[in-house]
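All remarks here apply to the structure that follows.
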Amino acid sequence: MFDSKAHRIAGAVIAVGYIAIQSFQWFVFAQLPEPLDPAQGLLQGAAPLNVTRAVLMLLSFFGLIYLALVACGILYRRRPAMAIAAFLGFFTFCLLEVMLRSVELFYIYLRLPAQYLAETDPVARAALLDIPAVFGAVQYALYFPLGLSWIAGSLLLCLGLGGGRYDWLARFAFGLNALRLILRTIDTYIVGPRYDALYGELYLPLVFLTFGPIALWLLLPNEPRVPKNNDPA
């Protein structure tokens, strides 16, 4: 069902849209000044430009669920069990992202700054300033299973695809994404973090290198790959 031409085009549009949203996020982060203290950082979260970024990022994960349905629907024709497992990985990733970014948007960015400005007691104000750090610690912990679920979905698609003429584009994209996430997980939770600055610089280019080929794969005709001599596929 989700491997039809209409769904493939819609999935490609979502992939391009995700690149655009990530590019906008990159732009917003470049525009916002580095906060001088926790209070400035808290109030900066409520800036219209940042709130717009947060809304778009939250909505993007609903789109990624649909994109995962399309990609896994294509894999389903070839390897049904692997497709279902891959979708469960992507769905877990998107579900956790939606939960975290909803808390971040509606509480950390929209409600907490207003509470801080309305509060007059210095002790209560200081307590409010501690909340973003607590949220950051929870986010750090949840990003471990979140990352593992995205790695699992990406690896399964990379390994399972191959029946279509242009499936190599998707295998490259999902393989690159899995490699990026594996290295990031090792750096963050095992040896580091040591390469945050490098990861920050490479993040947007890697988004283009991942979702660009996925969009192209979905738009190109999906004729079965012609097997070469002695090629069982």
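A short reminder: the numbers here are calculations on the coordinates, not readings from a lab. Nothing here was measured: the structure is a model prediction, and the numbers come from that model. Cβ: placed from backbone, ideal geometry, glycine included. Neighbour counts: every protein chain shown.
Long-range amide H contacts for G164: which residues qualify at under 5 Å (H placed 1.01 Å from N, peptide plane, sequence gap of 5 or more or a different chain)?
R225
Going by how many other beta carbons lie within 10 Å of each one, how would you line up Y203, Y166, fewest first?
Neighbour counts put them in this order, fewest first: Y203, Y166.
If R₀ is 30 angstrom, what is the calculated FRET efficiency for the pair R78 and F144, using the beta carbon separation as r and rounding to 0.05?
The pair R78/F144 has a calculated efficiency of 0.45.
Over the range 5-219, calculate the relative contact order: mean separation of alpha carbon pairs under 8 Å at least 6 apart, over the residue count, as a percent.
Dividing the mean separation by the residue count of the range 5-219 yields 29 percent.
Which of the following values of Cα extents along the principal axes in Å was calculated from the structure shown: [x] 50, 46, 37; [y] 49, 43, 33; [z] 77, 38, 29?
Only one option fits the structure, namely [z].
Near Y143, within a Cβ-to-Cβ distance under 10 Å, what is the net charge of the other residues, with Lys and Arg +1 and Asp and Glu -1?
Counting the neighbours of Y143, the net charge comes to 0.
Suppose the chain between M99 and L117 were pulled fully straight at 0.36 nm per residue; how much longer would it get relative to their current alpha carbon spacing?
Using 0.36 nm per residue and subtracting the Cα-Cα distance, I get 3.9 nm.
If you average over every viewing direction, what projected area does the convex hull of the Cα atoms of the range 164-222 give, in nm²?
Computed as one quarter of the Cα hull surface, the answer is 4.0 nm².
Mean residue ellipticity at 222 nm from the helices of the chain, using -39,500 (n - 2.57) per DSSP H segment of n ≥ 4 over the full residue count, to the nearest 500 deg cm²/dmol?
My calculation for the chain gives -26500 deg cm²/dmol from helical runs alone.
Using a 7 Å offset from Cα along Cα-Cβ at Q31, what residues in the range 41-62 end up with backbone N under 19 Å from the label point?
The answer is 41-60, whose backbone nitrogens lie closer than 19 Å to the label point.
Using the basic label-point model (7 angstrom from Cα toward the beta carbon), what is the V13 to I131 distance in nanometres?
3.8 nm
Given points 7 Å out from each Cα along the Cα-Cβ axis, report the L220 to I182 separation in nanometres with one decimal.
It works out to 2.4 nm between the two label points.
Give me the extension gain from L204 to Y107: residue separation times 0.36 nm, minus the current Cα-Cα distance, reported in nm with one decimal.
Contour length minus Cα-Cα distance gives 32.3 nm.
Alpha carbon centre of the range 32-68 versus the range 78-139: separation in Å?
Here the answer is 11 Å between Cα centres.
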